Amino acid sequence: MPKRLKAAVHYTVGCLCQDVAEEQELQFSKQTIAAISEITFRQCENFAKDLEMFARHAKRSTVTLEDVKLLARRSRSLLKYITQRSEEIVSSNMEQKERKKKKSSTAKTAEQEAAVVESEDSNMA
């Protein structure tokens with residue numbers, strides 16, 4: 001697993017470096033890409049350990065959004081981005097729940113109306 005994950009990080013870093021190289025008209029050596037990949041992988045390992053510790057300290061077995069925000073606290077721009085995205089996700093989830101409620105209540109109302117009509121029909125017969 002770690003080899004595949006490392007390879008995926010290396011591939012992604014390579015793609016990002018290629019994009020930057022095209023935009024900035026410069027080149028990255030293979031050694032530079034490898035070094036950036038290794039640093040990125042190690043930093044992700046550190047992040048994972050920190051997140052695990054934050055959750056464990058709070059006597060939880062699950063990492064939460066608050067743990068991620070705590071991890072990002074030293075980078076204002078990253079914290080701001082994470083906070084904005086989480087608010088967007090929460091808002092989107094709330095909208096979806098509201099739509100489901102409306103569909104559910106509309107379906108129930110239609111069923112109730114059908115039952116009333118059916119009941120009236122059977123009373124007339």
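The values are calculated or read from the model by the stated rules, or taken from the named source; none is laboratory data. Since we're looking at a predicted model, the values are computed, not measured. Methodologically, a virtual Cβ is constructed for each residue, glycine included, from the backbone with ideal geometry; neighbour enumeration extends over all protein chains shown. Please note that ligands, DNA and RNA were not included when accessible areas were found on the heavy atoms of the full protein model with its side chains. Shrake-Rupley method; radii C 1.70, N 1.55, O 1.52, S 1.80 Å.
Compute the distance in nm between two label points, each set 7 Å from the Cα along the Cα-to-Cβ direction, one at LEU16 and one at ASP50.
1.5
For region 16-112, which GluC sites (Glu not before Pro) are in a loop by DSSP, counting at most 16 other Cβ atoms within 10 Å?
Here the GluC sites (Glu not before Pro) that fit, given the DSSP loop and packing criteria, are GLU25.
Could you put ILE89, ILE82, ILE36 in order of accessible surface area, largest first, with the 1.4 Å probe and the full protein assembly present?
ILE89, ILE36, ILE82
Hey, with R₀ at 22 Å, roughly what FRET efficiency would SER29 and SER75 work out to, going by the Cβ-Cβ distance, to 0.05?
0.20
So, taking all protein chains as they sit and a 1.4 Å probe, how much accessible area belongs to ARG56, in Å² rounded to tens?
Only protein atoms counted, so the area is about 130 Å².
Under a 1.4 angstrom probe, counting protein chains only, how are SER86, SER104 ranked by accessible area, largest first?
SER104, SER86
Compute the distance in nm between two label points, each set 7 Å from the Cα along the Cα-to-Cβ direction, one at GLU87 and one at LYS103.
Label at GLU87, label at LYS103, 2.8 nm between them.
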